[in-house]
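*Asks:* Quick one: the structure is below, and I'll ask about it shortly.
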Amino acid sequence: MTINRREPLPSDVEIDILYCGVCHSDLHSARNEWGMTTYPVVPGHEILGRVTRVGNKVSKVKVGDTAAVGCLVDSCRTCSSCTNNLEQFCLGGPVFSYGGPDKHSGGMTHGGYSEKIVCDEAFTLKVPSILDPACAAPLLCAGITTYSPLRKWGASKGKKVGIVGLGGLGHMGVKFAHTLGAHTVLFTTSESKVADGKRLGADEVVISKNADAMAKHAGSFDLILDTVSADHDLNAYLALLKLDASLVVVGAPSNPQLVSVFSLLMPRRNLAGSLIGGIAETQQMLDFCGKHNIACDIELIRIQQINEAFERMLKSDVKYRFVIDMASLKA
Ligand code: NAP
Ligand code: ZN
Ligand code: ZN
């Protein structure tokens, strides 16, 4: 379909999209699994491309630069969340890159499964040139969504940190927890991912379907980050936390998940959630990736393969993020 992008305003950047990552949220949205999709929806919020035009007030990037756009394209910029660099929690409602009310067109925003995007420079990001651009694109969601809670809840040397699920988010969680110096344990349902888990930085890999293997870790974790996209037992992970430790959920299954309060009471434990990250922290994450030469493990696809990619993602059969080569749109 043809979508309209606005003519660049003075603070706007127009980007010719080269690569767009395929997040499980794209699948949830395309199939209306969260019950809030407005059709037609154009998914994609791991966007990387080349700047083609800039408004006359833009100073962050220039024509020809590589630039990226993540899950956010605007916010009110004045509320307490926005002024604290937490635009994702804007009290006026953050403007997501797709499927949200577009302040300019009056319609809905459309994401990165497209040729171009126009975005205010305040919501564009700079990607370190050392990183391969196709492998860097998914950092814009999978990267920041795992980096932000690992930093906030203090993943570091001397801490035992679990990552649940080795998908797009999970494989970045393993890389970041390892690079931050934590003793990193991957929980996976897929026996075939054990070797990859270790290669990506896990000190230990636990097959979560094995109750005995799980029980060996009871009461031992400082932090567990849960990236699972489907129904699963949160109590099994709460049982692995120490006193005052936290299970932080970033995966977003469409159904409510059952939590026994006894998993929280004895001993005292925390259950929390986290949503992507603010723009400043996203830039900090990209710079961290540049410094440590971290990017995503990807499978490059053509847009014509997107339905097949969604089906493989549902089977947890992705190594470990699909990225669309957007040149295929014009092929
Ligand atoms: P993904 O690549 O499909 O990875 C999800 C992983 O979860 C799978 O690889 C699999 O890992 C595990 N899994 C899948 N089904 C399972 C089941 N029934 N039981 C146990 N484990 C299962 O997805 P993703 O792109 O990383 O996204 C993960 C979730 O995070 C999605 O719900 C997405 O919408 C959400 N998300 C949230 C945010 C946020 O800001 N909070 C941002 C982005 C995405 P194993 O094979 O290793 O078991
Ligand atoms: Zn995402
Ligand atoms: Zn705000």
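*Asks:* Within the range 64-84, how many residues are farther than 24 Å from Val323 by Cβ and in a loop (DSSP other than H, G, I, E, B)?
*Replies:* Summing the residues that are farther than 24 Å from Val323 by Cβ and in a loop (DSSP other than H, G, I, E, B) in the range 64-84 gives 6.
*Asks:* Scanning the range 193-250 for residues that are polar (S, T, N, Q) and within 14 Å of Leu264 (Cβ to Cβ), which turns out nearest to ligand 2 (Cβ to nearest atom)?
*Replies:* Once the filter is applied, the top-ranked residue is Ser246.
*Asks:* Any residue that is under 21 Å from Gly168 (Cβ atoms) and among the small types (Gly, Ala, Ser) - is there at least one of those in the range 95-106?
*Replies:* So far as the range 95-106 goes, yes, one or more of its residues are under 21 Å from Gly168 (Cβ atoms) and among the small types (Gly, Ala, Ser).
*Asks:* In the range 85-105, which residues are touching a residue at least 40 places away in the same chain (Cβ under 8 Å) and assigned to a loop (DSSP other than H, G, I, E, B)? Break it down into steps so the answer makes sense when it comes.
*Replies:* Applying the first criterion (touching a residue at least 40 places away in the same chain (Cβ under 8 Å)) to the range 85-105 yields 85-89, 96-99, 104-105.
Scanning the range 85-105 gives Asn85, Leu86, Ser97, Tyr98, Gly99, His104, Ser105.
*Asks:* Right, something else. Name the single residue that is farthest from His110 (Cα to Cα) among those in the range 70-88 being surrounded by fewer than 22 Cβ atoms within 10 Å (Cβ to Cβ), within 8 Å of ligand 3 (Cβ to nearest atom) and under 21 Å from the mean Cα position of the chain (by Cα).
*Replies:* Ser81
*Asks:* Any residue in the range 22-32 that is in a strand (DSSP E or B), open to solvent by less than 10 Å² (accessible area, probe 1.4 Å), more than 16 Å from ligand 3 (Cβ to nearest atom) and farther than 30 Å from Asp231 by Cβ?
*Replies:* Scanning the range 22-32 turns up no residue that is in a strand (DSSP E or B), open to solvent by less than 10 Å² (accessible area, probe 1.4 Å), more than 16 Å from ligand 3 (Cβ to nearest atom) and farther than 30 Å from Asp231 by Cβ.
*Asks:* Name the residues in the range 1-18 that are open to solvent by 50 Å² or more (accessible area, probe 1.4 Å) and not in a loop (DSSP other than H, G, I, E, B), would you?
*Replies:* Leu18
*Asks:* Considering only the range 33-53, state which residues are surrounded by fewer than 20 Cβ atoms within 10 Å (Cβ to Cβ) and not in a loop (DSSP other than H, G, I, E, B).
*Replies:* Arg50, Thr52, Arg53
*Asks:* Here is a further query. Name the single residue, out of those in the range 293-326 being surrounded by 14 or more Cβ atoms within 10 Å (Cβ to Cβ) and over 18 Å from the mean Cα position of the chain (by Cα), that is farthest from ligand 2 (Cβ to nearest atom).
*Replies:* Top of the filtered list is Arg302.
*Asks:* Looking only at residues in the range 230-243 that are part of a loop (DSSP other than H, G, I, E, B) and open to solvent by 40 Å² or more (accessible area, probe 1.4 Å), which one is farthest from Lys315 (Cα to Cα)? It would help to see each step written out before you state the result.
*Replies:* Kept after step one, since they are part of a loop (DSSP other than H, G, I, E, B), are these residues of the range 230-243: 230-233, 239-240.
Now drop any that are not open to solvent by 40 Å² or more (accessible area, probe 1.4 Å), which leaves 230-233, 239.
Numbers: Ala230: 11, Asp231: 14, His232: 15, Asp233: 18, Ala239: 27 Å.
Per the stated criteria, the residue is Ala239.
*Asks:* Condition first: within 14 Å of ligand 1 (Cβ to nearest atom) and modelled with pLDDT of 95 or more. Can you find one or more residues in the range 286-294 that meet it?
*Replies:* Within the range 286-294 (the criterion being within 14 Å of ligand 1 (Cβ to nearest atom) and modelled with pLDDT of 95 or more), the answer is no, since none of the residues qualifies.
*Asks:* Same structure again: With respect to Ser229, determine if the residue is more than 16 Å from ligand 3 (Cβ to nearest atom), polar (S, T, N, Q) and either closer than 18 Å to Gly154 by Cα or under 24 Å from the mean Cα position of the chain (by Cα) (or both).
*Replies:* yes
*Asks:* Something else about it: Taking the range 150-176 as the region of interest, how many residues are without any contact (Cβ under 8 Å) to a residue 60 or more places away in the chain and within 15 Å of ligand 1 (Cβ to nearest atom)?
*Replies:* The number of residues fulfilling the criteria is 2.
*Asks:* Now for a different question. Considering only the range 273-304, state which residues are part of a helix (DSSP H, G or I) and in contact with a strand residue (DSSP E or B) (Cβ under 8 Å, 6 or more places away or on another chain). Give the steps one after another, and end with the answer.
*Replies:* As a first pass, look at the range 273-304 and keep what is part of a helix (DSSP H, G or I): 279-292, 303-304.
Those that are part of a helix (DSSP H, G or I) and in contact with a strand residue (DSSP E or B) (Cβ under 8 Å, 6 or more places away or on another chain): Ile279, Thr282, Gln283, Leu286, Ile303.
The values are calculated or read from the model by the stated rules, or taken from the named source; none is laboratory data. Please read these numbers as outputs of a predicted model, since none were measured by experiment. All Cβ positions, even for glycine, are placed from backbone atoms using ideal geometry, and neighbour counts span all protein chains on display. What goes into the accessible areas is simple: the full protein's heavy atoms, side chains included, and nothing from ligands, DNA or RNA. Shrake-Rupley method; radii C 1.70, N 1.55, O 1.52, S 1.80 Å.
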